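Step one of this worksheet: look at the structure below.
The values are calculated or read from the model by the stated rules, or taken from the named source; none is laboratory data. Everything numeric in this text was worked out from a predicted model, so none of it was measured. With ideal geometry, Cβ positions are generated from the backbone for all residues, glycine too; neighbour counts draw on all protein chains shown. With ligands, DNA and RNA removed, areas are computed over all heavy atoms of the protein, side chains included. Shrake-Rupley method; radii C 1.70, N 1.55, O 1.52, S 1.80 Å.
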Amino acid sequence: MTAKNKIFYFWGIMDVIGIVFYLIGPYHLLQSWWDSTGGNFGVIIFMLIAGGGNGLLTGLFYLVYLLWPVSLCFSAWFFFTTHRYAVRFALAQEVLRLLTMSCSVTLFPMIIVGLGISVIPLNITLFVFSEIVKIGSLIFVMKKYSAANIKSDSE
């Protein structure tokens with residue numbers, strides 16, 4: 001099994017856990033995670049931009065939350081099938097992750113809430129760490145395997 005497959009399976013499993021967490025998971029854990037990060041950063045930004053009364057931006061924000069589970073389904077499928085657009089899709093999906101403050105490593109919120117820790121700086125640090133790990137691993141795959149494909153095509 002190559003490093004690419006291991007990375008893809010890891011992120012695919014994290015997306016599946018995210019889907020389960022979103023659809024049937026314990027909502028009190030999600031709410032607790034959301035509260036412990038000091039509220040959703042995306043909500044604050046949208047409300048500041050919209051002035052609190054612009055229906056279009058509020059509608060766009062809710063559309064992001066409706067598209068989130070669909071996005072996770074496609075992302076997991078792309079990772080498990082090692083689709084050639086998996087990395088690009090996951091990197092584009094990071095915008096939704098930042099707006100919804102959803103950790104890429106979905107185990108972090110579960111562990112923190114399970115331990116009863118509600119420290120805002122720790123939660124935000126773990127969120128940033130999980131996004132750096134995901135983006136870094138995807139860039140690693142993109143660079144390593146695109147160079148390998150170019151080398152094998154020229155031979």
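Pairs under 6 Å by beta carbon, first residue closer than 15 Å to Ser137 by Cβ in the range 85-110, partner open to solvent by less than 50 Å² (accessible area, probe 1.4 Å) and of a type in the set (Asp, Glu), six or more apart or different chains?
Ser104/Glu131
Restricting attention to the range 83-110, report how many residues are open to solvent by 40 Å² or more (accessible area, probe 1.4 Å) and more than 23 Å from Phe8 (Cβ to Cβ).
Total meeting the criteria: 1.
Please pick out the residue among Thr81, Thr125, Thr106 that is out of contact with any Asp or Glu (no Cβ under 9 Å at 6 or more places or on another chain), within 20 Å of Val20 (Cα to Cα) and at pLDDT 75 or above.
Thr81
Can you name the number of the only condition in (1) touching a residue at least 60 places away in the same chain (Cβ under 8 Å); (2) surrounded by fewer than 18 Cβ atoms within 10 Å (Cβ to Cβ); (3) more than 26 Å from Lys6 (Cβ to Cβ) that Pro121 fails?
Every condition holds for Pro121 apart from (1).
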